[in-house]
């Protein structure tokens with residue numbers, strides 16, 4: 001399981017670094033101010049994510065960070081939309097369409113909500129169970145009730161400072177990525193009213209951030225076995241995420257005004 005988690009971290013890290021490189025190529029083109037701002041924030045976001053996953057791949061492979069069942073599940077859930085979005089971006093850079101229009105309400109799109117909520121419940125349950133079993137020794141009462149009612153001071157005393165800091169940063173990343181995912185997917189809903197369908201690129205990116213939020217939820221629940229190296233990288237994620245969140249929020253506001261499709265920032269295909 002640890003080897004599989006390390007491999008998936010490395011694969012996702014490579015995918016996100018590729019996306020950062022493709023965004024950098026987009027910046028060499030003449031772009032409008034709004035689009036350039038979007039691409040810059042996107043490049044910083046996926047670049048920091050790529051560095052995070054590569055660092056986690058190393059930490060997992062060397063035994064500093066265990067590959068838990070919940071983390072493995074969340075990584076698998078993020079792999080499909082990540083590869084889909086990266087493939088579309090690469091296609092666009094090579095002169096192809098870089099997106100697919102999904103008319104109406106395809107069955108796969110209709111299943112996203114129930115599958116997403118089921119996955120959230122399953123992964124969260126596994127993460128909580130793993131956390132309780134692993135950290136039972138930190139408190140006199142190792143039951144779930146004892147863990148839930150333990151004083152905060154006792155929890156802090158049972159964890160190294162870098163673990164506490166990493167868990168806090170993961171909670172912050174969870175909030176940011178969840179907000180980005182909600183805004184991206186709501187933008188797709190707004191555009192569907194205008195266009196009568198969905199952007200595969202936009203949906204994929206929304207699901208990428210939803211899976212990222214899930215991964216950071218798992219890390220926060222499992223108290224994130226942080227090291228000094230992973231902590232430094234995690235410090236980059238929150239500001240990069242906040243910058244991208246600000247850009248996505250602006251795009252969402254424009255979509256609420258039923259903007260024309262031509263106004264969407266094309267180079268990264270994030271809003272379809």
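The values are calculated or read from the model by the stated rules, or taken from the named source; none is laboratory data. Predicted model only: the values in this text are computed from it and were never measured. Please note: Cβ atoms are built from the backbone with ideal geometry, for glycine as well, and neighbour counts cover all protein chains shown.
Among (1) surrounded by 19 or more Cβ atoms within 10 Å (Cβ to Cβ); (2) in contact with a helix residue (DSSP H, G or I) (Cβ under 6 Å, 6 or more places away or on another chain); (3) in contact (Cβ under 8 Å) with a residue 60 or more places away in the chain; (4) closer than 23 Å to residue 200 by Cβ, there is one condition residue 50 misses while meeting the rest; what is its number?
(3)
Within the stretch 163-217, count every residue that is touching a strand residue (DSSP E or B) at 6+ places or on another chain (Cβ under 8 Å) and buried (at least 18 other Cβ atoms within 10 Å of the Cβ).
Result for the stretch 163-217: 8.
Among the candidates 57, 44, single out the residue that is crowded, with 18+ Cβ neighbours inside 10 Å, touching a residue at least 60 places away in the same chain (Cβ under 8 Å) and outside any loop (DSSP other than H, G, I, E, B).
The match here is 44.
Just wondering, is there one or more residues in the stretch 233-253 that are farther than 23 Å from residue 40 by Cβ and modelled with pLDDT under 85?
Within the stretch 233-253, none of the residues are farther than 23 Å from residue 40 by Cβ and modelled with pLDDT under 85.
For the structure I just gave you, tell me whether residue 28 is surrounded by fewer than 18 Cβ atoms within 10 Å (Cβ to Cβ), over 20 Å from the mean Cα position of the chain (by Cα) and in a helix (DSSP H, G or I).
It is false that residue 28 is surrounded by fewer than 18 Cβ atoms within 10 Å (Cβ to Cβ), over 20 Å from the mean Cα position of the chain (by Cα) and in a helix (DSSP H, G or I).
Output the residues belonging to the stretch 60-109 that are out of contact with any helix residue (DSSP H, G or I) (no Cβ under 7 Å at 6 or more places or on another chain), more than 21 Å from residue 189 (Cα to Cα), touching a residue at least 60 places away in the same chain (Cβ under 8 Å) and part of a loop (DSSP other than H, G, I, E, B).
63, 64
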